[in-house]
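The values are calculated or read from the model by the stated rules, or taken from the named source; none is laboratory data. Quick caveat: nothing in here was measured; it's all calculated off a predicted structure. Neighbour counts are summed over all protein chains in view; Cβ atoms, including those assigned to glycine, are modelled from backbone coordinates with ideal geometry.
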Amino acid sequence: MKIMIVDDHAGVRNLIRQLLAAPGDSFVECASGEAAVQAAGDFKPDYITMDVRLPDLSGLEAARAIRAIHPPSRLIIVTSFDQPFLRQIASEVGAIAYVLKDNLAELRSLLVGGKIPPSQSSSASGPALESACTSAPANPGAQGSSSTVPTDPFIDAGKTPTPSGVDFPLRVLMVEDNKNDCELIVRHLRRCGFTLRVWRVDNGPELRRVLEQDSWDIIITDHKLPSFSGAEVLALIRDIGLNIPTLCVTGSVDPAKLREVLDAGPCELISKDDLTPLGAAVTSALNRRPAQSDPPGRPQSGDDAVE
């Protein structure tokens with residue numbers, strides 16, 4: 001067999017390779033979606049094990065691109081995220097199995113134990129994943145700014161009703177360094193019925209700039225970013241004099257670190273491993289919010305809306 005292993009963690013790739021290795025098999029390991037797509041044309045894998053969260057393309061985007069290049073390849077999603085909508089999308093892009101990383105023995109039984117379903121034709125790969133870009137704020141900053149507008153290739157926009165009591169596009173400021181995590185959060189909120197206008201920042205100076213220049217309905221922050229933390233995000237909001245509902249969506253399991261966020265100000269914690277409570281948390285935060293917070297000294301005007 002020719003097997004392509006796509007995961008950004010070398011230890012996971014090595015473990016999968018050890019589990020699947022058999023005499024005569026050949027392997028290609030890729031740490032990113034783009035690398036996997038580039039390698040697929042020459043390698044022509046029989047099987048692909050694909051992580052969902054990768055540093056560039058999402059695994060589902062990469063999988064679809066690879067199957068377009070080499071349709072006979074059979075895709076197995078290998079991920080830590082056990083969420084129904086991800087399983088559904090994996091099926092739509094042609095995955096034949098969905099394996100959790102805490103049960104990699106199942107992967108071995110599928111490939112080595114001969115439990116893989118029959119090969120699928122390229123026509124069974126499912127519909128194209130739609131791509132939707134969120135909008136930028138009115139003052140997006142100078143060219144070369146670190147802010148980026150997240151793309152969300154998984155969203156079928158506009159197909160769900162707006163949640164009760166939320167009848168306007170939410171201006172969401174995402175403080176997150178991982179574009180894929182941002183995409184998953186945005187997708188989840190849209191599936192909950194929210195209409196969103198999103199701007200993403202990943203550093204303190206840029207966060208201060210957009211807070212001072214634009215108004216926001218809600219802020220969603222990671223706990224740990226390369227140069228600062230969720231607690232520092234809350235402190236900066238407080239120092240500027242704003243009162244904006246803030247949620248912390250994090251993968252951290254360190255109680256001491258999470259306590260830092262809770263002690264820094266009112267902020268509900270949501271696990272990245274289970275986004276199920278996020279929609280209700282956003283609705284609750286919006287219902288509790290005071291009058292719209294605007295940057296000090298900034299006039300309120302219809303022209304100030306995020307476009």
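Can you find a residue in region 238-248 that is assigned to a helix (DSSP H, G or I), farther than 30 Å from F85 by Cβ and free of Cβ contacts under 8 Å to residues at least 40 places away in the same chain? Yes - at least one qualifying residue is present in region 238-248.
Return a yes/no flag: does region 216-229 have any residue that is in contact with a Phe, Trp or Tyr (Cβ under 7 Å, 6 or more places away or on another chain), at pLDDT 85 or above and not in a loop (DSSP other than H, G, I, E, B). No, there is no match, as no residue in region 216-229 is in contact with a Phe, Trp or Tyr (Cβ under 7 Å, 6 or more places away or on another chain), at pLDDT 85 or above and not in a loop (DSSP other than H, G, I, E, B).
Of all residues in region 66-86, those satisfying the criterion of being of a type in the set (G, A, S) and surrounded by fewer than 19 Cβ atoms within 10 Å (Cβ to Cβ) are A68, S80.
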